[in-house]
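Have a look at the structure below, then the notes.
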Amino acid sequence: MSFHLSRIGQIALSVADVDRAEAFYRETLGLPHLYRFGELSFFDCAGVRLMLQKAEGQGGVAKASPIYFSVPDLVIAVTTLNARGVTFTHPPARLAEMEDHDLWMAFFTDPDGHVLALMNEAPKGFRLT
């Protein structure tokens with residue numbers, strides 16, 4: 001019998017203030033909120049659950065690896081998030097030219113400093129307007 005891991009079910013981020021983080025992910029990013037259980041808040045990211053949890057102990061908020069959100073239209077996504085107060089640390093840029101598409105990304109942070117990114121696999125020749 002062969003065994004392998006596949007789909008990620010949940011990603012957890014520690015946060016300093018669950019109410020503040022919940023508002024950012026729900027209102028600013030527009031992620032569907034699933035439920036709140038004490039100091040845990042859960043969101044749906046197209047079938048992968050994102051859990052925000054109150055940071056424990058002296059270490060404070062643990063930094064996590066970046067989370068990349070795939071978007072169908074990078075221009076609309078950046079414009080919308082800018083209007084909602086998001087400041088991009090790295091504006092949209094083509095990061096890789098593939099054989100059949102180009103990979104574009106834009107980076108920003110959440111209120112706890114976690115790096116988040118928008119990614120778009122755009123048709124060859126795509127240009128920001």
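The values are calculated or read from the model by the stated rules, or taken from the named source; none is laboratory data. Note that this is a predicted model, so its numbers are computed, not measured. Please note: Cβ atoms are built from the backbone with ideal geometry, for glycine as well, and neighbour counts cover all protein chains shown.
Among the residues of the range 90-104, is any in contact (Cβ under 8 Å) with a residue 12 or more places away in the chain, farther than 20 Å from R127 by Cβ and out of contact with any Asp or Glu (no Cβ under 9 Å at 6 or more places or on another chain)?
So far as the range 90-104 goes, no, none of its residues is in contact (Cβ under 8 Å) with a residue 12 or more places away in the chain, farther than 20 Å from R127 by Cβ and out of contact with any Asp or Glu (no Cβ under 9 Å at 6 or more places or on another chain).
Identify, by number, the condition in (1) outside the structural domain of F24 (by TED's automatic domain parsing); (2) at pLDDT below 95 that A55 doesn't meet.
(1)
Within the range 51-60, identify whether any single residue is small (G, A, S), under 14 Å from I11 (Cα atoms) and over 14 Å from the mean Cα position of the chain (by Cα), and answer yes or no.
Looking through the range 51-60, none of the residues is small (G, A, S), under 14 Å from I11 (Cα atoms) and over 14 Å from the mean Cα position of the chain (by Cα).
Pick from A16, A21, A46, A12: which is under 22 Å from F108 (Cβ atoms) and more than 14 Å from the chain's Cα centre (by Cα)?
Within the list A16, A21, A46, A12, the selection yields A16.
Here are some residues: F126, F88, F108, F69. Which one is surrounded by 13 or more Cβ atoms within 10 Å (Cβ to Cβ), outside the structural domain of R7 (by TED's automatic domain parsing), farther than 25 Å from I8 by Cβ and under 14 Å from the mean Cα position of the chain (by Cα)?
After applying the criteria, what remains is F88.
For the range 74-101, name all the residues that are in contact with a strand residue (DSSP E or B) (Cβ under 6 Å, 6 or more places away or on another chain) and assigned to a loop (DSSP other than H, G, I, E, B).
The one that is in contact with a strand residue (DSSP E or B) (Cβ under 6 Å, 6 or more places away or on another chain) and assigned to a loop (DSSP other than H, G, I, E, B): V86.
Return the pair list, or none, for Cβ contacts closer than 8 Å from residues in the range 108-126 that are closer than 15 Å to R84 by Cα to residues that are surrounded by fewer than 19 Cβ atoms within 10 Å (Cβ to Cβ) and acidic (D, E), at least 6 apart or on different chains.
P111/D17
Of the conditions (1) within 30 Å of H101 (Cα to Cα); (2) at pLDDT 95 or above; (3) of a type in the set (A, V, I, L, M, F, W, C); (4) surrounded by fewer than 16 Cβ atoms within 10 Å (Cβ to Cβ), L40 satisfies every one except a single condition; which number is it?
(1)
Based on what the data block shows, is A77 farther than 22 Å from D19 by Cα, surrounded by 12 or more Cβ atoms within 10 Å (Cβ to Cβ) and within 14 Å of the chain's Cα centre (by Cα)?
In short, yes.
Of all residues in the range 118-129, which are out of contact with any His (no Cβ under 8 Å at 6 or more places or on another chain) and assigned to a strand (DSSP E or B)?
Within the range 118-129, L118, M119, N120 meet the criteria.
Which residues, counting only those in the range 80-116, are of a type in the set (A, V, I, L, M) and more than 28 Å from V18 (Cα to Cα)?
Selection gives A93, L95, A96, M98, L103.
Please determine whether any residue of the range 70-80 is modelled with pLDDT under 95, of a type in the set (A, V, I, L, M, F, W, C) and in contact with a Ser or Thr (Cβ under 8 Å, 6 or more places away or on another chain).
Looking for residues that are modelled with pLDDT under 95, of a type in the set (A, V, I, L, M, F, W, C) and in contact with a Ser or Thr (Cβ under 8 Å, 6 or more places away or on another chain), one finds at least one in the range 70-80, hence yes.
Of everything in the range 17-73, what is of a type in the set (D, E) and outside any helix (DSSP H, G or I)? Give them in sequence order.
Selection gives D17, E39, D44, E56, D73.
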